[in-house]
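The values are calculated or read from the model by the stated rules, or taken from the named source; none is laboratory data. In this text, all values refer to a predicted model and were calculated from it rather than measured experimentally. Positions of Cβ are backbone-derived with ideal geometry, glycine not excepted, and every protein chain shown enters the neighbour counts.
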């Protein structure tokens with residue numbers, strides 16, 4: 001997890017360094033960004049979709065469209081292994097939410113495996129409610145935090 | 001683990017000191033209503049019961065213990081202050097403001113007491129004592145507890161230990177006062193293990209931490225390099241079981257308090273969580289996630305594990321009854337989370353919660369008479385108690401979010417986590433605190449912690 005964050009920082013720093021050679025002034029985001037490298041984590045996020053969402057206290061994805069695209073992408077990029085992290089909103093007790101997050105991650109994994117992705121390429125983890133992506137305490141934030149997020153390992 | 005993670009345990013030697021006769025104010029022999037009907041009864045049982053003390057806290061005077069030197073004098077004052085704080089926080093005692101004391105209290109070295117001066121300010125009980133430096137870091141603390149009206153000594157004890165142990169002496173004395181005046185064991189010489197939280201919530205640092213029950217002597221036991229959750233004490237309180245995300249593999253670990261050594265418990269393919277020690281201390285009951293939920297396992301500290309549930313649902317948060325014969329846990333096997341009780345071998349599963357909402361995190365009282373739980377309704381969370389058969393449900397505290405009750409070893413007080421809602425999209429306004437409350441629902445107090453805090457677990461008393 002820490003290495004992932006560091007990796008993201010490094011990528012930003014690298015892009016910033018490249019662009020600063022071309023122009024001394026800060027440039028708009030668009031000029032720096034020539035699009036993610038196909039098959040990369042950034043490609044997964046930008047062009048496939050890295051996460052699915054769940055209803056309150058449920059472990060069946062609200063939509064499997066993103067998982068269908070992930071399965072196709074993983075079929076294309078056979079060298080990529082992924083981790084699926086299941087998460088829960090803050091409206092639940094800590095221990096139950098860890099098990100609920102694990103069940104959500106497992107639901108995503110099982111769907112991808114059913115679509116032909118080798119089970120050995122997918123690991124799962126649950127953070128319960130300890131790694132929210134939205135920090136508010138309202139239904140909008142909670143809906144974002146009931147998820148299973150796929151990332152390249 | 002760093003060396004200072006270890007918790008020192010110096011021995012404390014205890015000796016009884018004799019009862020003294022009356023030395024001042026013979027008129028006090030004309031005893032009006034007293035705390036104890038007779039000296040004999042005073043020795044055996046207390047007449048004030050806890051429920052009466054709750055509505056009518058016992059007025060008690062706790063002057064500074066007299067010191068034989070400058071440093072001993074300071075320790076004498078500090079010990080009195082810790083005792084005062086403990087008894088006041090219990091809600092069952094009303095320590096009298098020292099400004100009201102009459103006469104020279106500094107000379108109240110233990111055996112010469114002018115009871116008239118204490119009667120005049122309506123003290124029912126009086127604590128006296130002295131602190132003697134005995135060379136090096138050795139110290140002898142003498143303490144006496146008096147029933148003021150008849151002028152009778154109820155207890156006299158001397159403790160010989162090291163200077164650095166003065167705080168524990170103050171807690172031990174507090175427990176003696178509580179037990180002698182209320183007829184029940186106290187809970188002051190105990191610790192709380194908990195999770196210290198810091199940083200933004202999407203990158204929250206969660207460290208294992210330990211402190212005395214009054215919030216003092218705080219220590220961080222892990223460095224925050226990995227998430228730590230849900231610590232629980234071993235019955236001998238020298239070991240903790242907790243959940244750790246070390247190496248991105250969330251599993252139950254044990255943590256040895258003397259050495260700081262951590263060890264993964266069992267070898268499970270799935271995530272393991274929600275550990276609690278069996279009353280005999282030889283095994284841990286916990287859950288392992290599966291693709292369909294979580295099952296409950298009994299895992300021996302010596303190796304070996306046995307699955308107790310297999311419902312295809314989420315079964316988590318198991319806790320033994322104090323006699324080890326039953327296990328309470330929460331499960332969503334019936335649709336949403338409810339509390340269930342089963343035999344220690346997994347047999348005879350029976351649902352016990354039937355109120356409005358979801359029920360979670362059950363813990364059995366050390367007295368065996370109650371189960372405390374978290375109840376979740378659409379708009380609020382609550383901490384409550386019910387009898388082990390599910391009857392007599394009472395809600396003690398309700399708020400935006402609270403969870404995870406833990407009992408004081410005498411079963412009289414519960415501590416839990418309370419969180420406030422974020423008021424904006426950046427998470428400002430969120431806080432997490434430890435709160436204690438009497439099982440009657442009175443005397444709710446926030447425990448001061450250096451950082452945000454959650455997941456408290458109360459230690460047993462040392463035997």
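Side notes on the structure shown:
- Filtering the stretch A:39-66 to residues that are within 11 Å of the chain's Cα centre (by Cα), in contact (Cβ under 8 Å) with a residue 60 or more places away in the chain and assigned to a loop (DSSP other than H, G, I, E, B) leaves only A:50.
- Restricting the stretch A:52-84 to residues that are surrounded by fewer than 23 Cβ atoms within 10 Å (Cβ to Cβ) and within 25 Å of residue B:272 (Cβ to Cβ), the residue that is farthest from the other protein chains (Cβ to nearest Cβ): A:81
- For the stretch A:95-117, the criterion of being within 17 Å of residue B:316 (Cα to Cα), more than 8 Å from every other protein chain (Cβ to nearest Cβ) and either at pLDDT below 95 or under 16 Å from the mean Cα position of the chain (by Cα) (or both) is satisfied by at least one residue.
- Identity of the residue in the stretch B:251-286, touching a helix residue (DSSP H, G or I) at 6+ places or on another chain (Cβ under 7 Å) and either surrounded by fewer than 22 Cβ atoms within 10 Å (Cβ to Cβ) or free of Cβ contacts under 8 Å to residues at least 40 places away in the same chain (or both), that ends up nearest to residue B:303 (Cα to Cα): B:271
- Residue check, residue B:405 within 14 Å of another protein chain (Cβ to nearest Cβ), under 22 Å from residue B:86 (Cα atoms) and not in a loop (DSSP other than H, G, I, E, B): yes
- Scanning the stretch B:408-442 for residues that are part of a loop (DSSP other than H, G, I, E, B), buried (at least 20 other Cβ atoms within 10 Å of the Cβ) and within 8 Å of chain A (Cβ to nearest Cβ) yields a count of 2.
- Every residue from the stretch B:136-175 that is without any contact (Cβ under 8 Å) to a residue 60 or more places away in the chain and under 17 Å from residue B:72 (Cα atoms): B:136, B:137, B:138, B:140
- Test: residue B:219 is more than 26 Å from the chain's Cα centre (by Cα) and at pLDDT 95 or above: no
- Filtered residue count, the stretch A:109-140, keeping only those that are exposed (fewer than 15 other Cβ atoms within 10 Å of the Cβ) and under 22 Å from residue B:247 (Cβ atoms): 2
- Considering the stretch A:128-153, and only residues there that are more than 13 Å from the chain's Cα centre (by Cα) and in contact (Cβ under 8 Å) with a residue 40 or more places away in the chain, the residue that is farthest from the other protein chains (Cβ to nearest Cβ) turns out to be A:143.
- Annotation: of all residues in the stretch B:190-205 being in a loop (DSSP other than H, G, I, E, B) and within 14 Å of chain A (Cβ to nearest Cβ), the one that is surrounded by the most Cβ atoms within 10 Å (Cβ to Cβ) is B:204.
- Residue B:365 meets each of the listed conditions (1) crowded, with 20+ Cβ neighbours inside 10 Å; (2) closer than 27 Å to residue B:203 by Cα apart from (2).
- Verdict on residue B:209 being over 15 Å from the mean Cα position of the chain (by Cα) and at negative phi: no
- Among the residues listed as B:292, B:274, the single one being within 13 Å of chain A (Cβ to nearest Cβ) and more than 26 Å from the chain's Cα centre (by Cα): B:292
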